[in-house]
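Just so you know, all these numbers are worked out from the coordinates, no wet-lab data involved. Because the structure is predicted, anything quoted here is derived from the model rather than measured.
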Amino acid sequence: MADIHKTSMGKKFYEKDIPAIMLQLKRIADALEKENTLTEKRLKMEHVSFVKEQRSTRAGTDYRTYKTGKDGQATTIED
């Protein structure tokens, strides 16, 4: 069994099959890396959209306009 590289099938395995497997593994790794890059970009864009949405939502509900009455008390102006 230690001399498998000396047989014709062993020689084929080491000279053809192993390099082919390595090539396919590299293709898989490259595809995963590309997918991860695209996913990271998509998540960043979704995060930016979420933050903008939250800011615009808060801006419409959290801030009120006040006016000061004759007695010096602040009152809310209703739209």
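Multiplying the sequence separation of Ala29 and Lys16 by 0.36 nm and subtracting their Cα-Cα distance, what value in nm do you get?
Numbers: separation 13, 0.36 × 13 = 4.68 nm, distance 2.02 nm.
Here the segment from Ala29 to Lys16 would lengthen by 2.7 nm.
Can you tell me which lysines have their Cα less than 27 Å from the Cα of Lys70? Leave out same-chain residues fewer than eight positions away.
Hits, sequence-local ones excluded: zero.
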